[in-house]
1. In whole Å, how far is the Cα centre of region 147-211 from that of region 291-350?
2. Could you give each residue of region 351-359 its phi-based ³J(HN,Hα) in whole Hz, using Karplus coefficients 6.51, -1.76, 1.60 with θ = phi - 60°, and x for Gly or Pro?
3. Where does region 1-138 land on Rg/Rh, using Cα atoms and the Kirkwood Rh?
4. Between Val147 and residues 5 or more places away or on another chain, which pairs have amide H atoms under 5 Å apart, with H built 1.01 Å from N, and which residues are they?
5. Not counting ligands, DNA or RNA, and with a 1.4 Å probe, what is Asp304's accessible surface area in Å² rounded to the nearest 10?
6. May I ask what percent, to the nearest 5, of DSSP beta bridges between residues of the chain are antiparallel?
7. Considering only Glu276, Glu314, Glu165, give the residue with the highest GNM mean-square fluctuation for the chain, with springs between Cα atoms whenever their separation is below 10 Å.
8. Return the long-range amide H neighbours of Met380 (sequence gap of 5 or more, or a different chain), with a cut-off of under 5 Å between placed amide H atoms.
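The values are calculated or read from the model by the stated rules, or taken from the named source; none is laboratory data. Note that the structure is a prediction, hence the values are computed from the model and not measured. Counting neighbours? That spans all protein chains shown, and the Cβs are built from the backbone with ideal geometry, glycine included. Keep in mind that these areas ignore ligands, DNA and RNA; they rest on the heavy atoms of the full protein, side chains included. Shrake-Rupley method; radii C 1.70, N 1.55, O 1.52, S 1.80 Å.
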Amino acid sequence: MANPLLQKYAEMIVHVGLNLQSGQRLLVRAPIEAAELVRLVTASAYRAGARLVTVLWQDEQIALIRFQNAPRDSFEEFPVWLPKAMEEHIREGGALLSIYAEDPDLLQNEDPELIGIAMKTGAKYSQPVSKLIMRNATNWSIASMPVPAWAAKMFPELPPAEQTEKLWDAIYQVCRIKTDDPVAEWKEHVRQLGARARYLTEKAYQAVHFRAPGTDLRVGLPAGHLWMGGETTTEKGNTFIPNMPTEEVFTMPHRNHVDGVVRATMPLSYGGKLIEDFSLTFKDGQVVEYQAGKNQDILKELMDTDEGARHLGEVALVAHSTPISQSGFLFYNTLFDENAASHLALGKAYKFTHQQGSTMTDEEFETAGGNHSLTHVDFMIGSAQTDLDGIRLDGTIEPIMRQGEWTFTV
Ligand code: ZN
Ligand code: ZN
């Protein structure tokens, strides 16, 4: 008999996250440590009417072995068939689930340049499939679960047997699984996020302005920007939740209208390393100066990905009083940490955050203020000290958040 919380979690992933439709196929990408969860997800998917569930097992140790043993000039090799298979699956209407769990320090002793090449190569070949995903051509979702190295990183003071248990406990807590009726709880939560997104969209602010210690940043918003939050809708009209958990309401910045300085409030796990204590200075949308207390070279690799990696593709608002923030944990995992605080993303903007985005060509999207890049990396800038204003088209300034909390109710 499966652990009842794990069973509930699997049901949430299938029914709330993916909102899997009867008759759909499901493709799952998961680490080998996730076998128990993936089996429960698979059973739940078939009960929901899935026609076929296929699992692509992953093992991050294989990636580490590559860095340690493969020829140095081989890091532009890529299994091109893999994103092609995913593309075919999506085009045929299949749903996509990723179980994202990794050791944040996996590649800490490896060469940053090789890490940069490997990440960039993966992003390049995955571009057609990531475009389909960004367009919400199908329902897709990302959820997580503990792996031992990650749990050890989070709870080094505990004996190994208790680390994983403690991380599961934290995940159940922040994913609202430990409530009497998680599905009802999620429905209300998602309704609120959607209502906040509609409120902000109707305001049609020309910019938002962040103020916090080390931060004074004006983020311009293009005409036609769309705030999103909670549920997303596929091209065929099915709702789903891309990230479990989700706490954010987000839109696209104007790629050329971001000015000022912003200080990150949490470390950023990127390419297997942690970038810490960093701040970025923007002028006309571009990062013109940056510094990091630790792993500045990795931050540089990230921004050297391409021209668009020095511009913003997302601005997202998260209240400080939400469960992840309140847990006080640094998860070293963007899926959780990006929902702990308001954040920005370097790199590509989502076309669905513009009212006409889905019908725009890449050129039209860029003209409208959308940013193109191979990468999209979120970093946290919000805290209990964050104040945020919206600037109307006529210049009127309105408060959106004070001390990290929303100023309006929905
Ligand atoms: Zn986000
Ligand atoms: Zn993002």
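1. 15 Å
2. 4, 6, 8, 10, 4, 9, x, 5, 9
3. Values: Rg = 16.8 Å, Rh = 16.6 Å.
Rounded to two decimals, Rg/Rh equals 1.01.
4. Residues meeting the criterion, in which the H sits 1.01 Å from N, do not exist here.
5. 70 Å²
6. Values: 52 of 68 bridges.
About 75 percent, rounded to the nearest 5.
7. Glu165
8. Those lying under 5 Å, H to H, from Met380 are Thr265, Met266.
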